[in-house]
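The values are calculated or read from the model by the stated rules, or taken from the named source; none is laboratory data. Here the structure is a predicted model, which means the values were calculated and not measured. Glycine gets a Cβ as well: all are built from the backbone with ideal geometry, and neighbour counts include every protein chain shown.
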Amino acid sequence: MVKITLKYIKNNLTVYPNPVIDVATINVTTAQNTTFKLTLFDNRGRITRRKQISLLAGSNSFYVDMTSLAKGIYIALMVWGTETKKITIMKE
């Protein structure tokens, strides 16, 4: 049995493409298994999407379908482990 320790991996997050036409891809890197929570708000502060997934230590990718959302600016609030990030996403 081989044990690999990922304690030197930094938590990292990318969202692309931005602007989004239909689907946004979110890549999250984390040093430990954790829960990832995404809340997407429109420009009026209304919640348009919620997503919660379990992350494994290392690199994780998932998609957010924005096809049915109106064009405009959205705020993605993402929380995982000890990290909290807000990212502005433009929907075309």
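A few points about this structure:
- Taking every residue in the range 42-65 that is in a loop (DSSP other than H, G, I, E, B) and pairing it with any residue that is among the small types (Gly, Ala, Ser) and at pLDDT 95 or above, at least 6 positions away or on another chain, the pairs with Cβ-Cβ distances below 6 Å are 43/72.
- Test: residue in the range 29-38 that is at pLDDT 95 or above and outside any strand (DSSP E or B): no
- If you go through the range 1-24 and pick out every residue that is modelled with pLDDT under 95, exposed (fewer than 14 other Cβ atoms within 10 Å of the Cβ) and assigned to a strand (DSSP E or B), you end up with 3.
- Residue count for the range 66-92 under the criterion of being free of Cβ contacts under 8 Å to residues at least 12 places away in the same chain and either farther than 18 Å from residue 12 by Cβ or surrounded by 15 or more Cβ atoms within 10 Å (Cβ to Cβ) (or both): the result is 1.
- Here is the figure for the range 28-52: residues that are among the β-branched types (Val, Ile, Thr) and exposed (fewer than 14 other Cβ atoms within 10 Å of the Cβ) total 2.
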